[in-house]
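The values are calculated or read from the model by the stated rules, or taken from the named source; none is laboratory data. Since this is a predicted model, take the numbers as computed values, not measurements. Note: ideal-geometry Cβ built from the backbone for every residue, glycine included; neighbour counts use all protein chains shown.
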Amino acid sequence: MTATTDGSTGALPPRAASASETRDTVSVVAETASPQHAAAHAMRRATDFLLSRQDDEGWWKGDLETNVTMDAEDLLLRQFLNILDEPTSHAAALHIRGEQRADGAWATFHGGPGELSTTVEAYVALRLAGDGPGEPHMARASAWVREHGGIASARVFTRIWLALFGWWKWEDLPELPPELIWFPKWLPLNIYDFGCWARQTIVPLTIVSAKRPVRPAPFPLDELHTDARDPNPAKPLAPVASWDGVFQRLDKALHGYRRVAPRRLRRAAMNTAARWIIERQENDGCWGGIQPPAVYSVIALHLLGFDLRHPVMRAGLESLDRFAVWREDGARMIEACQSPVWDTCLAAIALADAGVPADHPQLVKAADWMLGEEIVRPGDWAVKRPGLPPGGWAFEFHNDNYPDIDDTAEVALALRRVKHHDPERVDNAIGRALRWNLGMQSKNGGWGAFDVDNTSAFPNRLPFCDFGEVIDPPSADVTAHVVEMLAVEGLAHDPRTRRGIDWLLAEQETDGSWFGRWGVNYVYGTGAVVPALVTAGLPVSHPAIRRAVAWLETVQNDDGGWGEDLRSYHDVAGWSGRGASTASQTGWALLGLLAAGERESKAVERGVAWLAATQREDGSWDEPYFTGTGFPWDFSINYHLYRQVFPLTALGRYVHGEPFADQHGKGS
């Protein structure tokens, strides 16, 4: 790897080759074996590896790696509840220390630049674990924090955690009134204007904001301020004519309202919010299958008097323990969520496309498990679609309140590849999925991940919402997966499918790529959209397809692979389609090129050769880079199974051809 300008060891420079030994290996493979032979050999090894990783119940799940704020906030929660123990703090500290950069900071993705809020939270967690401020790694971290503005420049969520212990003043945080729970859905800034992940976090935080609790701080944090005597110097207000200025003044008004809010009204609002939280607790005790809402929900309910032995609290804390991944060295990493449904449907697609028989026992077992995970009751999505019958799948083991459109489309595509012993059950489940996904189409023709028309611009303007994306507008990758599913189900010419296709064509970037909302980034979006459009009947000669092919060929690395750094989310010109080659992103690019009829092209042959050359002896690939997206740029994910399923899918389609091609007559 190379050193970036900020001192991090990061992705390779734009379009640079990987290490010379990788290029040499690719050359050897190209000289000693045909691309077809190399691909078939790599495909068989990858198939065996993936089959060996299936759980006895039928599912697959890779680790979901994010950043150390998950680990830090887990320790802070336990400190707040007075349940932090030495073994837990020791194991968490091992992981947090292992992720620190040489300059003392922590990044939010592998090879990325240091990030202030992440570094503040990691530092505080290590202090809780017993690391002293004078130890070299801690001194480097505190110096880095001061150089980048100190605690005052950290995001709101970080300062909320610090306020819980008196390290920051509640008065210096944006106000979030619990009365928000009563806003009708037609009123701007009602809770359903927020994406489901933000909604589940904000509702409990309205209680925390109203209560403003402070637990005794176990130590001071003066070393994290640029000036401990004036930790939060006053900042000028934005112009009143700007949106930022409007919302800053609204926040000042809310601080004033807090002083005069009727106590009975506020108490009633908090009780309503508590009922909303409890109603959305899942059977496993979690909330939405993701860690952040669970953490804040536990704190909020505890502040309202719920004892830790209360069934709701006990189940919530037990669910948080299930997010822990224990390493061989004794380190403990916290997953932000778990992805068994997503991993299982992608694994089933990969294996089927690689030639595993449709009635293979492991594919049938996977189908059985997926069928058992279907969600057949309404969730929050029904607020906007009250008459729509339920049907679909979520991302996690337990998340009946928030099925998502993306998983539902991919599960349907996976089930269609399996020869199940009860085909009527499969047909009925897919039929419900089709009806639900069609009902969740936004009015512009695209699909978001969880909600319909979740496009209000106001939530992102709130001073409180500086932690990442808080709305769920339609995206190209989700829309593409739905369009592909609809086409496979014979609805390519349905007016609703055509509206989705029109939306995708309008969203193509001028360079021929598509933006990737849930994967990094333009390589992901393009690798999803091209197969969908071709499956839906666009000829491979269509100008949009040809522009996409040209872009993919242009951004191919010298080593034959593809890669894209997360920095493309805020520096499009510098990083779009550029970064160190990875197995998952090479798989995405190949899926796009193969769907576009480029099987015999030099770009495809070089991409296949790169996958074959970089495969490990056990049939897997290594991939330290983060290629998944939670919030563009702000929250990144390394799905550990992506490095297996997407290369295998691409190799399978290279060897066996495109799935469903005969049934759906792709254009030429």
For Ser319, the lone unmet condition from (1) farther than 30 Å from Ser442 by Cα; (2) at pLDDT below 95; (3) out of contact with any Cys (no Cβ under 6 Å at 6 or more places or on another chain) is (3)
A careful count of residues in the range 490-505 that are surrounded by 21 or more Cβ atoms within 10 Å (Cβ to Cβ) and among the aliphatic types (A, V, I, L, M) gives 2
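Scan Val356, Val341 and give me the residue that is modelled with pLDDT of 95 or more and in a helix (DSSP H, G or I). Don't jump to the end; show me each part of the working.
Details: Val356 fails: in a helix (DSSP H, G or I).
Result: Val341 is the single residue among Val356, Val341 that is modelled with pLDDT of 95 or more and in a helix (DSSP H, G or I).
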Filtering the range 87-114 down to residues that are more than 20 Å from the chain's Cα centre (by Cα) and charged (D, E, K, R) yields Arg97, Arg101, Asp103
- Query: Based on what the data block shows, is Ala143 in contact with a Phe, Trp or Tyr (Cβ under 7 Å, 6 or more places away or on another chain) and surrounded by fewer than 23 Cβ atoms within 10 Å (Cβ to Cβ)?
  - Reply: no
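Among the residues of the range 417-473, count how many are in a loop (DSSP other than H, G, I, E, B) and out of contact with any Leu (no Cβ under 6 Å at 6 or more places or on another chain). Reasoning before the result, please.
Kept after step one, since they are in a loop (DSSP other than H, G, I, E, B), are these residues of the range 417-473: 417-422, 440-453, 455-458, 462-471, 473.
Then keep just the ones that are out of contact with any Leu (no Cβ under 6 Å at 6 or more places or on another chain); that gives 417, 419-422, 440-453, 455-457, 462-463, 465-471, 473.
Residues flagged as in a loop (DSSP other than H, G, I, E, B) and out of contact with any Leu (no Cβ under 6 Å at 6 or more places or on another chain) within the range 417-473 amount to 32.
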When Glu179 is run through (1) assigned to a helix (DSSP H, G or I); (2) within 26 Å of the chain's Cα centre (by Cα); (3) closer than 30 Å to Arg385 by Cα, the failure sits at (2)
Checking Ala480, Ala412 in turn, the sole residue that is assigned to a helix (DSSP H, G or I) and touching an Asp or Glu at 6+ places or on another chain (Cβ under 9 Å) turns out to be Ala412
- request: Looking only at the range 506-523, decide whether some residue is in a helix (DSSP H, G or I), surrounded by fewer than 23 Cβ atoms within 10 Å (Cβ to Cβ) and touching a residue at least 12 places away in the same chain (Cβ under 8 Å).
  value: yes
Expected single match for in a helix (DSSP H, G or I), of a type in the set (D, E, K, R), at pLDDT 95 or above and on the phi < 0 side of the Ramachandran plot among Arg616, Arg599, Arg643 is Arg643
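Would you call Gly560 in contact (Cβ under 8 Å) with a residue 24 or more places away in the chain, surrounded by fewer than 24 Cβ atoms within 10 Å (Cβ to Cβ) and assigned to a loop (DSSP other than H, G, I, E, B)? Walk me through it before giving the result.
Values: in contact (Cβ under 8 Å) with a residue 24 or more places away in the chain: yes; surrounded by fewer than 24 Cβ atoms within 10 Å (Cβ to Cβ): no; assigned to a loop (DSSP other than H, G, I, E, B): yes.
So Gly560 does not fit the description; no.
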Pairs returned, first residue in the range 454-478 that is free of Cβ contacts under 8 Å to residues at least 24 places away in the same chain, second residue that is assigned to a loop (DSSP other than H, G, I, E, B) and not polar (S, T, N, Q), beta-carbon separation under 7 angstrom, 6 or more apart or interchain, are Thr455/Ile471; Thr455/Pro473; Asn460/Val470; Asn460/Ile471
Just one listed residue, out of Gly587, Gly652, Gly667, is modelled with pLDDT under 95, closer than 28 Å to Ala536 by Cβ and of a type outside the set (D, E, K, R), and it is Gly667
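Please indicate, with yes or no, whether at least one residue in the range 331-338 is among the charged types (D, E, K, R), surrounded by fewer than 19 Cβ atoms within 10 Å (Cβ to Cβ), part of a loop (DSSP other than H, G, I, E, B) and out of contact with any Lys or Arg (no Cβ under 7 Å at 6 or more places or on another chain).
Going through the range 331-338, the residues among the charged types (D, E, K, R) turn out to be 332, 335.
When the remaining residues are screened for being surrounded by fewer than 19 Cβ atoms within 10 Å (Cβ to Cβ), the result is none.
No; the residues of the range 331-338 include none that is among the charged types (D, E, K, R), surrounded by fewer than 19 Cβ atoms within 10 Å (Cβ to Cβ), part of a loop (DSSP other than H, G, I, E, B) and out of contact with any Lys or Arg (no Cβ under 7 Å at 6 or more places or on another chain).
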